[in-house]
Amino acid sequence: SERRDGLYFSFSQTSLWDLSSESKPFYDSSYRPEVWWHQGGLPHEWLGAAGLDVQAGIGHESNGQSGGISRNLNHLFFRPVARWDLPKQWQIHVAPRIRMLMGLDDNPDLPRYRGIFDLTADIGQYDGVKVSTSTHIGTQLDRASFQMDLTYPMLDLTHGWINCYAHLQWFSGYAESLRAYDQRSDRVLIGLSFIR
């Protein structure tokens, strides 16, 4: 379903669980509240798209730690979102985003790895499979990252018992976690998602 115009708030969290350690701790967590204004119905005929919206807002990201492993940043962002409708209820979304990073006292070189521009795109069905990709590149154009997510609703498979999504993710690059933003990682992760 498409968003209505107005003010939105979101909170997302990513926690990396270190199952190889003896006590199985969480290696790092990222907490991401955001507030933004969503405006839809913009002229889009020249794109051949079914819709064009824009989002502008402010966000925060931190790992809730102190001392040498403390990481946090604030950012202003602007993101246009284009949608193309395909047969059999398939849709394509493309959403480039530009950010102005602030509050980098604990990690002033973070933009070199996280960058100020990212691109997200997906193709999928509302009640079916969806493939999403996201990529960003550092400010010196020498640190890039790519992530692909494959999700599928579990509602039919569990006969209505579980309303979530089976989730397969592949990540390759830098800044997967705030704690190790300057270290390259390559991972394949399997899990469940409650939204996508």
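The values are calculated or read from the model by the stated rules, or taken from the named source; none is laboratory data. Treat the numbers as computed from the prediction; the structure is a model and nothing was measured. Don't worry about glycine lacking a Cβ; one is built from the backbone with ideal geometry, like all the others, and counts go over all protein chains shown. Heads up: the accessible areas ignore ligands, DNA and RNA and are worked out on the full protein's heavy atoms, side chains in. Shrake-Rupley method; radii C 1.70, N 1.55, O 1.52, S 1.80 Å.
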Could you tell me which label, among (i) 52, 37, 25; (ii) 53, 41, 37; (iii) 50, 40, 31, carries the value of Cα extents along the principal axes in Å calculated for this structure? (iii)
FRET efficiency for PHE78 and GLN183, Cβ-Cβ distance as r, R0 = 41 Å, nearest 0.05? 0.90
Given the Cα-Cα distance of GLN169 and ILE92 and 0.36 nm per residue of separation, how much length would full extension add, in nm? 25.8 nm
Three-way shape call for region 89-196 based on the alpha-carbon gyration tensor, with the a/c threshold at 1.5: prolate
What do you reckon, how do LEU141, LEU168 stack up by accessible area (1.4 Å probe), largest on top? LEU141, LEU168
For the pair TRP17/THR139, report the inter-label distance in nm, with labels modelled 7 Å from Cα in the Cβ direction. 3.6 nm
Just to be sure I understand the model, the point goes 7 Å from the Cα along the line to the Cβ. What's the resulting PHE117 to TYR31 distance in nm? 3.3 nm
Let me spell out the model: positive unit charges on the Cβ of Lys and Arg, negative unit charges on the Cβ of Asp and Glu, origin at the Cα centre of region 46-166. What dipole size does that give, in debye rounded to 20? 180 debye
How large is the helix-only mean residue ellipticity at 222 nm for the chain, computed as the sum of -39500 (n - 2.57) over DSSP H runs with n ≥ 4, divided by its residue count, in deg cm²/dmol to the nearest 500? -500 deg cm²/dmol
Out of all DSSP beta bridges in the chain, what portion is antiparallel? Express it as a percent rounded to 5. 100 percent
Using a Gaussian network model on the chain with a 10 Å cutoff between Cα atoms, which of PHE171, PHE11, PHE117 fluctuates the most? PHE11
Long-range amide H partners of ASP28 with built H, under 5 Å: LEU16
Taking the simple approach of a point 7 Å from Cα along Cα-to-Cβ for both ASP127 and LEU47, what is their distance in nm? 2.7 nm
R0 = 30 Å: FRET efficiency of PHE9 with LEU192, Cβ-based, nearest 0.05? 0.80
Tell me the carbon and sulfur percent of the accessible area for the chain, rounded to whole percent, probe radius 1.4 Å. 59 percent
Write down the accessible area per residue of region 1-137 in Å², having rolled a 1.4 Å probe over the full set of protein chains. 59 Å²
Using alpha carbon centers only, region 59-122 is separated from region 144-196 by a whole-angstrom value of 16 Å
